[in-house]
1. Quick one: order ARG102, ARG88 from most to least accessible surface, probe 1.4 Å.
2. Taking all protein chains together and a probe of 1.4 Å, list LEU41, LEU52 from the most accessible to the least accessible.
3. With +1 on each Lys and Arg Cβ and -1 on each Asp and Glu Cβ, and nothing else charged, work out how big the dipole of the chain is about its Cα centre, in Debye to the nearest 20.
4. Roughly to the nearest percent, how much of the accessible area of the chain is carbon and sulfur, given a 1.4 Å probe?
5. How much length would be gained if the chain were fully extended between ALA60 and ASP33, taking 0.36 nm per residue of separation minus their Cα-Cα distance, in nm to one decimal?
6. How would THR22, THR61 rank on accessible area, largest to smallest, probe 1.4 Å?
7. Straight-line reach only, C-alpha to C-alpha below 20 angstrom: list the aspartates and glutamates that LYS17 could link to, leaving out same-chain residues fewer than 8 apart.
8. Please give the per residue accessible area of the chain, computed with a probe of 1.4 Å over protein heavy atoms only, in Å².
Amino acid sequence: TENYDSFPTKIKLDKVKVKSITSVNYSDGDDADQIFTDYDLSLGDKYKQAILEANSSWPATYDKMNAVSVVYQAGYGLSWNDVPETVRIGILFLVSHYFTNRGIVGDDKMLPETVYQLLNDEMISPL
């Protein structure tokens, strides 16, 4: 679920591999809960970007925090085998790194370069 104070021009969902939109809910001008259905979902290359755009225009919302809520499903699947091999290797490498370096505290909170290289194709890129 992602929340917004109003409808932006485009809604870029933050999770990788968006599978489906469950609902787009909003508080209308009278602060009544509504469901919006007149939108298109565009899935980018390898599902790296998911963008919602209104077919006509987004409705007006009540002036409050989190007036818009987008509920969606994302992920690779229920099985370990549904996860791409490079991501599985990256996870195992990261667990090994943290096991080897447990108890070490420092200012360097960067992930190992190998993990970045393995996960590069699965990372979300900016619009």
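The values are calculated or read from the model by the stated rules, or taken from the named source; none is laboratory data. Keep in mind that this is a model prediction, so the values were computed, not measured. All Cβ positions, glycine included, derive from the backbone under ideal geometry; neighbour counts span all protein chains shown. Areas reflect the complete protein model, heavy atoms only, side chains present, ligands, DNA and RNA absent. Shrake-Rupley method; radii C 1.70, N 1.55, O 1.52, S 1.80 Å.
1. ARG102, ARG88
2. Largest to smallest exposure gives the sequence LEU41, LEU52.
3. The dipole magnitude comes to about 560 debye.
4. Accessible surface attributable to carbon and sulfur in the chain totals 51 percent.
5. Length gained between ALA60 and ASP33: 8.5 nm.
6. THR22, THR61
7. Once the sequence-local aspartates and glutamates are set aside, what remains near LYS17 is GLU2, ASP40, ASP45, GLU53, ASP82, GLU85, ASP121, GLU122.
8. On a per-residue basis, the chain sits at 68 Å².
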